[in-house]
1. Pairs of alpha-carbon atoms within less than 8 angstrom and 6+ residues apart define the contacts here; what relative contact order does the stretch 20-142 have, in percent?
2. Mind checking the alpha-carbon convex hull of the stretch 1-131 and giving the volume per residue in Å³?
3. Per DSSP H run of n ≥ 4, the term is -39500 (n - 2.57); total these for the chain, divide by its residue number, and report the mean residue ellipticity at 222 nm rounded to 500 deg cm²/dmol.
4. Tell me which aspartates and glutamates have Cα within less than 18 Å of residue 256's Cα, excluding those fewer than 8 residues away on the same chain?
5. With Cβ to Cβ distances under 12 Å as the rule, what net charge do the other residues near residue 273 carry (K, R +1; D, E -1)?
6. Treat every Asp and Glu Cβ in the chain as -1 and every Lys and Arg Cβ as +1, leave all other atoms uncharged, and give the resulting dipole magnitude about the Cα centre to the nearest 20 debye.
7. In whole percent, and with a 1.4 Å probe on the protein chains, what portion of the accessible area of the stretch 141-294 is carbon and sulfur?
8. Please work out the average accessible area per residue across the chain, using the 1.4 Å probe convention, and give it in Å².
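The values are calculated or read from the model by the stated rules, or taken from the named source; none is laboratory data. Computed from a predicted structure; not experimentally measured. Cβ sites come from the backbone with ideal geometry, for glycine too, and all protein chains shown count toward neighbours. Only protein heavy atoms, including side chains, enter the accessible area calculation; ligands, DNA and RNA are left aside. Shrake-Rupley method; radii C 1.70, N 1.55, O 1.52, S 1.80 Å.
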Amino acid sequence: MKQTIEEFRTEIIPLVDGKLFSIASTIVLDGRVSAYPANVRGYALGHCYLLKEANDALLLDSGYSAYRSQIIESLRTLLLPDDELSIYPLRLNEYMSVCNVEAIANTFRAKQCYSGNPDASLWVAFSRHSENLTDYKLKTTLVARKQDLRLGGGDGRILSAFQAPIRLIGTRWVYDRETQTLFTSDSFTHQWQLAADEPATIRSRADVADMPFVRSFLLNTRYWWLEGGKTAELCRKLDAVRSQYPITRIAPGYGKITEGFASVEKQFDTLIAALEDLDQANSACAYVDRELIR
């Protein structure tokens with residue numbers, strides 16, 4: 001199944017009125033998208049989240065290059081002329097996060113790029129692909145492993161950024177206290193759309209995937225190495241996140257968004273149960289061929 005021009009579409013999904021939006025691009029799952037198992041068919045949304053407070057705005061992730069013009073047009077729709085935009089790619093070494101940072105920053109003369117790396121501007125430098133090269137230079141603002149950021153000035157909305165409790169590559173999660181939204185980057189990405197017009201949001205516990213499904217998803221994507229490992233510490237860290245923050249929305253970098261406390265709780269319960277089952281106490285280590293579907 002080859003993605004047609006018509007299927008390269010981007011839409012704006014309002015999540016909290018005036019406060020939080022997803023700029024969502026449709027990705028066709030045809031076996032070539034490494035973020036999903038090779039045998040999966042259907043559609044997934046790649047999300048760039050825009051958070052707004054007063055004339056301050058923050059974009060989490062920047063999307064694939066194929067959607068660049070549509071993402072920039074979506075931002076033109078959502079941003080007012082005096083809005084100041086910052087950008088925070090949550091996975092600095094993954095294209096889905098960084099491809100359009102430089103082009104978006106140049107277009108809107110972004111105030112800063114948040115990063116845990118001091119040389120973030122090098123990681124996002126795709127200059128030869130940028131349409132709007134100027135003498136503008138993107139400023140990097142360093143973020144510690146765990147740090148609160150403010151959106152909307154000194155007493156503004158608090159965003160807690162911290163190292164992801166489960167990760168393969170350098171990954172940050174962000175919790176937005178005002179909207180009770182947890183942005184989980186490449187975690188909780190295990191549910192997608194079978195049809196392009198299927199709802200992009202999970203609103204019921206009954207629609208949350210069960211443990212065997214999540215376990216299989218982990219083993220057939222970037223977490224193939226978990227089987228037979230020591231996962232108790234990962235479970236403890238995940239449980240600590242939901243204990244510390246009241247979460248009513250899980251907003252992953254791609255896949256379906258989960259809405260409502262009960263659904264969020266089940267997502268955490270299921271992921272933790274899958275990790276417990278993969279622990280060395282319950283599963284043996286095994287060499288895995290790349291194309292093996294488990």
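1. 19
2. Measuring per residue, one finds 117 Å³ for the Cα hull of the stretch 1-131.
3. Here the helix-only value at 222 nm equals -6500 deg cm²/dmol.
4. Excluding near neighbours in sequence, the set is 7, 11, 30, 61, 186, 197, 198, 207, 210, 265, 269.
5. Counting the neighbours of residue 273, the net charge comes to -4.
6. On the way: 34 positive and 37 negative charges, 100 e Å.
Computed about the Cα centre, the dipole is about 480 debye.
7. Of all accessible area on the stretch 141-294, carbon and sulfur atoms account for 52 percent.
8. So the chain comes to 46 Å² accessible per residue, rounded to a whole number.
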